[in-house]
1. Using only the Cα atoms, what convex hull volume per residue in Å³ does the range 1-52 have?
2. For the chain, take N as its residue count and report Rg(C-alpha) divided by 2.2 N^0.38 Å.
3. If you average the alpha carbon positions of the range 167-183 and of the range 27-62, how far apart do those two centres end up, in angstrom?
4. Amide H of R204 versus every other amide H placed in the peptide plane: which residues, excluding those fewer than 5 positions away on the same chain, fall under 5 Å?
5. For the range 184-196, in order, what is each residue's ³J(HN,Hα) by Karplus, 6.51 cos²θ - 1.76 cosθ + 1.60 with θ = phi - 60°, in whole Hz (x at glycine and Pro)?
6. Longest span of the chain, sites excluded, free of trypsin sites (Lys or Arg not before Pro) in DSSP loop with at most 11 other C-beta atoms within 10 Å?
7. Quick one: Y49, Y130, fewest Cβ neighbours within 10 Å first, how do they rank?
8. Take I154 and A69, extend 7 Å from each Cα along the Cα→Cβ direction, and tell me the distance between the two endpoints in nm.
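FYI, it's all coordinate maths here, none of it is from the lab. Quick caveat, the model's predicted, so the values are computed rather than measured. Quick reminder, even Gly has a Cβ in these numbers, built from the backbone with ideal geometry, and neighbours come from all protein chains shown.
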Amino acid sequence: MSTPATRSRENTRARLLDAAAQVFAEVGLEGATVEAVCERAGFTRGAFYSNFESKDELFLTLASSLGEARLNSVRERVSTMVGSGELSVADPVDLVRRIMDSGADDRMGVMMLSEIRIRALRDPGFSVAYLAQESEMVGSIATIIQDIVDAGQIRLRVDAEQAARLLMIVWEGMTVRDAIDGGDADRLRSAGSEALGRMVELLRE
C-alpha cells in the first residue's frame, strides 16, 4: 500500500512529465529547459532534481511512458482478441489494424522520439541510455508477438525479438514520414498499421 509521501512523489513526477510534454510541444527538446518545465508544473528546481537527475532523464522517462501507454493498450487488445477468438482473422493487415487501433499516435510523440534519436546520435553518453530503453521496448513488443504465436494464430520466419525490432523500425519510419507529410493522429495510426500488416505478411511462414 502506497504511503502519502509515495503518492506525493508520484504526483510530482506526473506533473513534471505533463509539463515537459506541454513545453516540448511548444519549443522542442532543446528549447525545453528545466526552468521552463518547473515553471509550467509549478515546482522549484529542487523538486525537479529530487525526481530526475537531468532533462535527458526526464524526456527519456516521458518517451518511455508514452510507449508503455501504447503497449498496455495493445496488450489489453491482444488479450481480448485471444479470449474471443478474434485472432483467427486471416488477413494480417486487418489483424494488425484491429490490434493497433487500441492505441493513439500524434505528431508530438513522433517529434519527441525523432529529437531524442538525434540527441542520441550526437551524444555517446545519452545514446547508451537511449539504446537501453529501446532494448526494453523491443523486449515488451517481443512478448506480445510471442503471445500471438503461442495462441497458434501465426507462425513466423524469425524469432519474436527479431520480428519485434523489424516491426518497430517499420512503424517508426512510417509514422515519421506521415507526420512530415502533415498526417493527423488517425492517419499516422492507419499508415503505421498498414505497413506493419505488410511486414507481417513477409515475416510469417
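1. On the way: hull volume 3.6 nm³, N = 52.
Given the Cα convex hull of the range 1-52, per-residue volume reads 69 Å³.
2. Numbers: Rg = 18.6 Å, N = 205, 2.2 N^0.38 = 16.6 Å.
Working it through for the chain, the quotient is 1.12.
3. Computed from Cα coordinates, the inter-centre distance equals 27 Å.
4. Amide H to amide H, under 5 Å and 5 or more residues apart or across chains, R204 pairs with R157.
5. 8, 4, 5, 5, 4, 5, 5, 5, x, 5, 5, 5, 5
6. 1-154
7. Ascending number of Cβ neighbours within 10 Å: Y49, Y130.
8. Distance between label points: 2.5 nm.
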